[in-house]
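Remarks on the structure that follows.
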Amino acid sequence: MAEFRPALIVVDLQEDFCPPNGSLAVAGGRDIAPLVNSLLASPFVTKIATKDWHPHDHVSFAANHEGKAPFTDSVTIANPYNESETYKSQLWPVHCVQDTPGAELIPELHVAQLDTVLEKGTDPRVEMYSPFYDPFTSPQVCDSGLARILREKQVTDVYVVGLAADFCVKNAAMDAAKEGFKTFLVEECTRAVDPSAWPECKKEIEASGAKVVSMDGPEVRRLMTAQ
């Protein structure tokens, strides 16, 4: 039987993404904590949480672009090392600013069971939904070292949970699959910014090679066999 060495990635389960006071609260976001904690109690090879950890002048904040509004407006971001490489990115309210209460992991999360907390989105010049790296490729601007950590632990399978399903969680799952890991997004352990678009988002995730699974499915039950 092939070796099974699973890792858990808990994406951005932070105060600013959770009701009642988060500046970019995802409906029902805090409600996933009990199920995430049940996974944290499972025998993963490593358990990693990520945090948006933005400087106050981050490019994703609508407040840093005159005349722009969060949620409805977007901005074109250029690779700071190659201006010909660009992408359009949605603008957001100010959120998860470094060393503020909104950037903290929620207290309901059993943080003592985590092995590592990775900070992402620290470069003010680029958006970084994925906990692996930014979307630029020529050259890449930021690499969190997450893929290296997983390989050093000889991880075979990656389970992804957290917030938000249609942005950072989606990108985490897609990039984990791209890096060659068998990847599972546990659907009950995430919530979307736009629930109406989640069915289409799931198709995009599964087209990348990742799989959207259920807490009571065989992929999660198999965790109990991990050593």
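The values are calculated or read from the model by the stated rules, or taken from the named source; none is laboratory data. Just so it is clear, the structure is predicted and the values come from calculations on it, not from any experiment. Every residue, glycine as well, gets a Cβ built from its backbone with ideal geometry; the counts of neighbours run over all protein chains shown. Note: areas computed on protein heavy atoms with side chains; ligands, DNA, RNA excluded. Shrake-Rupley method; radii C 1.70, N 1.55, O 1.52, S 1.80 Å.
Tabulated data
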quantity: Count of the range 164-207 residues which are closer than 17 Å to ILE149 by Cβ and among the hydroxyl-bearing types (Ser, Thr, Tyr); calculated: 1
quantity: Criterion (touching a strand residue (DSSP E or B) at 6+ places or on another chain (Cβ under 9 Å), more than 25 Å from PHE4 (Cβ to Cβ) and either without any contact (Cβ under 8 Å) to a residue 40 or more places away in the chain or surrounded by fewer than 19 Cβ atoms within 10 Å (Cβ to Cβ) (or both)) met by exactly one of VAL94, VAL111; calculated: VAL111
quantity: Scan of the range 1-25 for residues that are surrounded by fewer than 19 Cβ atoms within 10 Å (Cβ to Cβ), of a type in the set (Gly, Ala, Ser) and over 12 Å from HIS95 (Cα atoms), ordered by number; calculated: ALA2
quantity: Given (1) open to solvent by less than 50 Å² (accessible area, probe 1.4 Å); (2) at positive phi; (3) out of contact with any Gly (no Cβ under 9 Å at 6 or more places or on another chain), number of the condition PHE71 does not satisfy; calculated: (1)
quantity: Filter result for VAL160 (over 20 Å from GLU206 (Cα atoms), in contact with a strand residue (DSSP E or B) (Cβ under 9 Å, 6 or more places away or on another chain), of a type outside the set (D, E, K, R) and at pLDDT 95 or above); calculated: no
quantity: Residues satisfying the stated conditions in the range 26-56, i.e. of a type in the set (Gly, Ala, Ser) and open to solvent by less than 50 Å² (accessible area, probe 1.4 Å); calculated: GLY28, GLY29, ALA33, SER42, ALA49
quantity: Residue tally, condition of a type in the set (Val, Ile, Thr) and open to solvent by 40 Å² or more (accessible area, probe 1.4 Å), over the range 134-190; calculated: 2
quantity: Those residues of the range 114-133 which are open to solvent by 20 Å² or more (accessible area, probe 1.4 Å) and outside any loop (DSSP other than H, G, I, E, B), in sequence order; calculated: THR116, VAL117, LEU118, GLU119, TYR133
quantity: Residues (more than 13 Å from the chain's Cα centre (by Cα), small (Gly, Ala, Ser) and closer than 30 Å to GLU152 by Cβ) located in the range 1-55; calculated: ALA2, ALA7, ALA33, SER38, ALA41, SER42
